[in-house]
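Notes for the one structure printed next.
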Ligand SMILES: [Zn+2]
């Protein structure tokens, strides 16, 4: 099962979850989303049981028995190895998001470049992203494996399903592991497209009206987090933001736009 696939089915056995984590591990390594032994993946097995990858293991080389089960406090329940050093971040996300059952952390190079530059992926340049993930923020830096990392991330977890971690990488999550993985892929793909527009020196932003329509679609699809869509330009026409052009929007305008978007998202749900 070199490439494998993540199993379907509403209720999976623990063995299936173990195999799924190994498959997702191969995917993130083979796609270059992690190097060496970086990255970590987990699945919520039950209210007090999390299955997580081990520390210091190449994600392509994990076997089902290499995974560790911990309780909600992070205490090891079973497994021979040590759980990932980013366990606390996974536990934080499960604690704050009862709808989340899988977490994926990696360092995909383009999105991680944005994270290292402190630039959020929050411009409405791709319709699919507005529908799928809304805006992707940058959480301030916290040293890996420390409470500081979780503290910096905490304010972003509720409102987003993908977060750039400053000077570090990306974390994505969702109702199941396939969704969490696909959100990682979408984030990296969007970062790549975004970078190309930067290289071209020009971005055509979707209009406020277009973003509104996409948001309505997003609400209908029942996207995970109630994340505001990327802020559109204040006028309803498309705007072209070249390297020297600015889209003028006061902070109050921007906040009003975001509030309105969040409110609309909630009403439509
Ligand atoms: Zn990392």
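Of note, residue 51 satisfies the criterion of being free of Cβ contacts under 8 Å to residues at least 40 places away in the same chain and touching a helix residue (DSSP H, G or I) at 6+ places or on another chain (Cβ under 6 Å).
Which of the residues spanning region 128-146 are surrounded by fewer than 20 Cβ atoms within 10 Å (Cβ to Cβ) and over 15 Å from residue 165 (Cβ atoms)? Across region 128-146, the qualifying residues are 128, 131.
Where residues in region 96-122 are assigned to a loop (DSSP other than H, G, I, E, B), more than 25 Å from residue 22 (Cα to Cα) and touching a residue at least 24 places away in the same chain (Cβ under 8 Å), which of them is nearest to the ligand (Cβ to nearest atom)? Before you say what the answer is, go through the steps one by one.
So in region 96-122, the residues assigned to a loop (DSSP other than H, G, I, E, B) come out as 97-101, 107-108, 118-120, 122.
Subset that is more than 25 Å from residue 22 (Cα to Cα): 118-120, 122.
Next cut, touching a residue at least 24 places away in the same chain (Cβ under 8 Å) only: 118, 120, 122.
On the way: 118: 17, 120: 18, 122: 22 Å.
Checking each candidate, the answer is 118.
Among the criteria (1) assigned to a helix (DSSP H, G or I); (2) within 16 Å of the ligand (Cβ to nearest atom), the one residue 57 does not fulfil is (1). The residues on offer are 21, 28, 41, and the sole one that is in contact (Cβ under 8 Å) with a residue 60 or more places away in the chain, in contact with a helix residue (DSSP H, G or I) (Cβ under 6 Å, 6 or more places away or on another chain) and not in a loop (DSSP other than H, G, I, E, B) is 41. For region 80-90, the set of residues classified as in contact with a helix residue (DSSP H, G or I) (Cβ under 8 Å, 6 or more places away or on another chain) and either away from the ligand (no atom under 14 Å from the Cβ) or over 21 Å from residue 151 (Cβ atoms) (or both) consists of 80, 81, listed by residue number.
Which one of these is surrounded by 15 or more Cβ atoms within 10 Å (Cβ to Cβ), touching a residue at least 24 places away in the same chain (Cβ under 8 Å) and assigned to a strand (DSSP E or B): 69, 125, 93? Outline the logic, then answer.
On the way: 125 fails: assigned to a strand (DSSP E or B); 93 fails: assigned to a strand (DSSP E or B).
The match here is 69.
Checking every residue in region 206-216 against the condition of being part of a helix (DSSP H, G or I), in contact with a helix residue (DSSP H, G or I) (Cβ under 7 Å, 6 or more places away or on another chain), surrounded by fewer than 17 Cβ atoms within 10 Å (Cβ to Cβ) and modelled with pLDDT of 95 or more gives zero matches.
Residue count for region 51-66, restricted to those that are surrounded by fewer than 22 Cβ atoms within 10 Å (Cβ to Cβ) and closer than 17 Å to residue 13 by Cβ: 3. Is it the case, given these coordinates, that residue 48 is in contact with a strand residue (DSSP E or B) (Cβ under 8 Å, 6 or more places away or on another chain), more than 20 Å from residue 184 (Cα to Cα) and surrounded by fewer than 18 Cβ atoms within 10 Å (Cβ to Cβ)? So residue 48 does not fit the description; no. Of all residues in region 1-45, those satisfying the criterion of being at positive phi, within 16 Å of the ligand (Cβ to nearest atom) and surrounded by fewer than 23 Cβ atoms within 10 Å (Cβ to Cβ) are 32, 36.
The values are calculated or read from the model by the stated rules, or taken from the named source; none is laboratory data. Keep in mind that this is a model prediction, so the values were computed, not measured. Every residue, glycine among them, receives a Cβ derived from its backbone with ideal geometry; neighbour counts consider all protein chains shown.
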